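These notes are about the structure you will find just below.
The values are calculated or read from the model by the stated rules, or taken from the named source; none is laboratory data. Note that the structure is predicted; figures quoted are calculated from it, not measured. So basically every Cβ, Gly included, is an ideal-geometry build from the backbone, and we count neighbours across all protein chains shown. The protein model used for the area step is the full one, side chains on, heavy atoms only, and it has no ligands, DNA or RNA in it. Shrake-Rupley method; radii C 1.70, N 1.55, O 1.52, S 1.80 Å.
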Amino acid sequence: MKKTCLFLFLTLFFCTLFIFSHGVDAKVYVDIDSPNFQQIPIAICDFYNKTASATKSENVGAIISDGIKKDLSLTGIFNILNNKSFPESNPSDAKESVRFSDWALIGADFLLQGNITQNNKGIAADGRLFDITRGETLFYKKYFSDINNLKFLSRKIASDILLTLTNDEGEFNTKIIFVSKKGSKSDLSVINYDGSELKNVTNHQSILIAPRWSPDGNLIAFTSFKDGHPAVYIRNFKNGSERKVASFDGLNMCGAFSPDSKKLLLTLSKDGNEEIYTLEIGNLKLKRLTNNYSIDVSPVWSPDGGKIAFVSNRAGSPQIYIMDSDGNNVRRITFKGKYNTSPAWSPRGGYIAYEGLVNDKYQIFSIDEEGNRIFQLTSDAANNESPSWSPSGRQIVYVSRKSSKSKICIMNSNGSNPRILIENLNKPVMPTWSPRFK
Amino acid sequence: MKKNLTFIGILIVLIISLTIFSGCSEKKSIVKSDETKVQETVSAPAPAPAETTEPATQDNVSQPIETTNLKDTANEQSSLMEATAKSPISDINFDFDSYSIRPDAREILKFNADYLLKHKVSSVLVEGHCDERGTDEYNMALGQRRAQETKKYLVNLGVNESIIKTISYGEERPLDTDNNEEAWAKNRRAHFVVNP
């Protein structure tokens, strides 16, 4: 009997432990949607070149760390401290010798220290990320790189820092597609997330609107007037082949792809007024989802595919609504303001970004799926429109229009740290963020 | 015997719970340490807004110089104006974010319907247009609705439904490219292309 009691006690003990340990890590991630989120202060030292002076090329260490800084600042969540404030320019790679208290004094939470050695094959680098507050090494990694590929080396190290601190790979391998208007002719262009490699995509020389990426990154859907009337096209991003998938009487406009990239949401007016449909891309089978004598437009899927957000003016003004993916259970989620459009569902779920009219300007907002909490993300003197989330849900790309000029900007998903991705191009509008490319 | 069974039962429960626990604890411990890091990251007082953060994007942005051929745009614009002036029947205008036919538009549509009935035209295309404010996509739908409501009004006045086609140009073909209410009012319109 005594034995039984002991076992029973032990069993209970372990069960409790299990439950407890489970509860502890419920809050793993940084709440980047929080308006209180503050940038992570980090010190990036120039990599110390250990190579014998005869063979070493100058500045390689600084080039590598400059690349890391540039990449980290693109994420919008780091405050990269100025090297001039550093207490030591070449901190030791041994944890015991790093002057953590001096680094804490300049406000750094994290410190990246690195060494490089050059030989005729390339560069061997090692990097250590220290947690200054706790005096600990978070990672120690070795890298090898071609001397001509330092940008890639920097990016790899920046990705490792981001992944270690936030448990997310970020947007380093993503692109943004947008419409560039030249006079009355529009076409699609694409640019890397870091602002490099601007390229033309289509050559329709026509009205072209509403570009969307498929979640697998292979396809782009858009609406073009190439043949004189609006039709929906699907383009293979890699080989450039295009297929016209909807060209009915009246309006044909594309919405978002489904999470599995197999269906496309459409707005068609062929049945009398603007309604929302799903199109199966494989066999072009249509299914009508809305049935209301009003404008229903701009549909997007929730990341789990269970719901669809869209714009409807069924209550007299354009507002954001959510329905189940079969068209049932329609409910309105925006009630503030007379004009709320362009819904974009956060890839992490939970929030929908949109544009709304406030004080005669269009500004970007985010709202939770229940419609209870609203955050105004932009508030400058321009018209800020067409929000699209980054794959991590950390950033939002949008267009900022002022008189007849426009620029494409990126901000953190809580509205902080807005920065310009493209300006000086004639009129870039309707940016859409790609998924991550492998 | 009964005691033995109980004993075995408890042993099984113990083994299972141990397995679950150890199985999870391995993964969790990694996550747990992550959590601590991340939390400290957040709670740590961030220094004053980053003067040190450089707008890295700007350096990187390749800046192709693509100036619009202003002459082309001007030509397109004047041809649009010309087309509007040439059309035998007049445009009608709409209020902001509205597709209801205004009283002043009703008069024009009566005249337009008479013209279409008298002249036995083969077809007429009703174009719906919007001003530049608001969302391109929503405006595309709004323009379609303006065209459709106009078509319906003409049909009610006796015009044969089968000769009327509709198209929306949204905000993409403004008559007046200025950014003021006067221009916007002109741009919110239904335009008629008559094919004799």
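Observations on the structure shown:
- Within region A:178-191, tally of residues that are within 21 Å of A:ALA221 (Cβ to Cβ) and either surrounded by fewer than 22 Cβ atoms within 10 Å (Cβ to Cβ) or within 10 Å of another protein chain (Cβ to nearest Cβ) (or both): 9
- Options A:ALA158, A:ALA124: the member that is assigned by TED's automatic domain parsing to the domain that holds A:TRP103 and modelled with pLDDT of 95 or more: A:ALA158
- Helices (runs of 4 or more DSSP H) contained entirely in region B:84-196, each with at least 3 residues that are open to solvent by less than 20 Å² (accessible area, probe 1.4 Å): B:103-119, B:136-156
- Tabulated pairs, region A:144-166, first within 12 Å of chain B (Cβ to nearest Cβ), second open to solvent by 70 Å² or more (accessible area, probe 1.4 Å), C-beta under 6 angstrom, 6+ apart or interchain: A:LEU163/A:GLU169
- Odd one out for A:PRO391 among (1) farther than 15 Å from A:ILE320 by Cβ; (2) of a type outside the set (Lys, Arg); (3) in contact with a helix residue (DSSP H, G or I) (Cβ under 7 Å, 6 or more places away or on another chain): (3)
Matching residues to (1) in contact with a Leu (Cβ under 6 Å, 6 or more places away or on another chain); (2) outside any helix (DSSP H, G or I); (3) modelled with pLDDT of 90 or more:
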residue: A:TYR140; (1), (2), (3): no, yes, yes
residue: A:LYS151; (1), (2), (3): no, no, yes
residue: A:SER154; (1), (2), (3): no, no, yes
residue: A:ASN173; (1), (2), (3): no, yes, yes
residue: A:ILE191; (1), (2), (3): yes, yes, yes
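- Any hit, region A:185-206, residues being within 27 Å of A:ASP260 (Cβ to Cβ) and in contact with a helix residue (DSSP H, G or I) (Cβ under 6 Å, 6 or more places away or on another chain): no
- Residue in region A:374-388 that is nearest to the other protein chains (Cβ to nearest Cβ), counting only those that are assigned to a loop (DSSP other than H, G, I, E, B) and open to solvent by 20 Å² or more (accessible area, probe 1.4 Å): A:ALA381
- Residue within region A:267-288 that is surrounded by 16 or more Cβ atoms within 10 Å (Cβ to Cβ), away from chain B (no Cβ under 11 Å), among the charged types (D, E, K, R) and assigned to a strand (DSSP E or B) present: no
- Close Cβ contacts (under 9 Å, 6 or more residues apart or on different chains) running from residues in region A:309-322 that are under 12 Å from A:PHE335 (Cα atoms) and assigned by TED's automatic domain parsing to the domain that holds A:GLY337 to residues that are β-branched (Val, Ile, Thr) and open to solvent by 10 Å² or more (accessible area, probe 1.4 Å) comprise A:TYR321/A:VAL330.
- If you go through region A:389-424 and pick out every residue that is assigned to a loop (DSSP other than H, G, I, E, B) and in contact with a Pro (Cβ under 7 Å, 6 or more places away or on another chain), you end up with 3.
- Subset of region A:243-262 [within 26 Å of the chain's Cα centre (by Cα) and either among the hydroxyl-bearing types (Ser, Thr, Tyr) or surrounded by fewer than 22 Cβ atoms within 10 Å (Cβ to Cβ) (or both)]: A:SER258, A:PRO259, A:ASP260, A:SER261, A:LYS262
- Against the conditions (1) open to solvent by 30 Å² or more (accessible area, probe 1.4 Å); (2) within 14 Å of another protein chain (Cβ to nearest Cβ); (3) at pLDDT below 95, A:ASN412 satisfies every one except (1).
- Filtering region A:197-209 for residues that are within 21 Å of A:ASN252 (Cβ to Cβ), modelled with pLDDT under 95 and facing another protein chain (nearest Cβ under 10 Å) leaves an empty set.
- Hits in region A:110-134 (condition: within 12 Å of chain B (Cβ to nearest Cβ) and surrounded by fewer than 17 Cβ atoms within 10 Å (Cβ to Cβ)): A:ARG134
- One residue alone among A:ARG235, A:ARG314 is open to solvent by 30 Å² or more (accessible area, probe 1.4 Å), assigned to a strand (DSSP E or B) and among the charged types (D, E, K, R), and that residue is A:ARG235.
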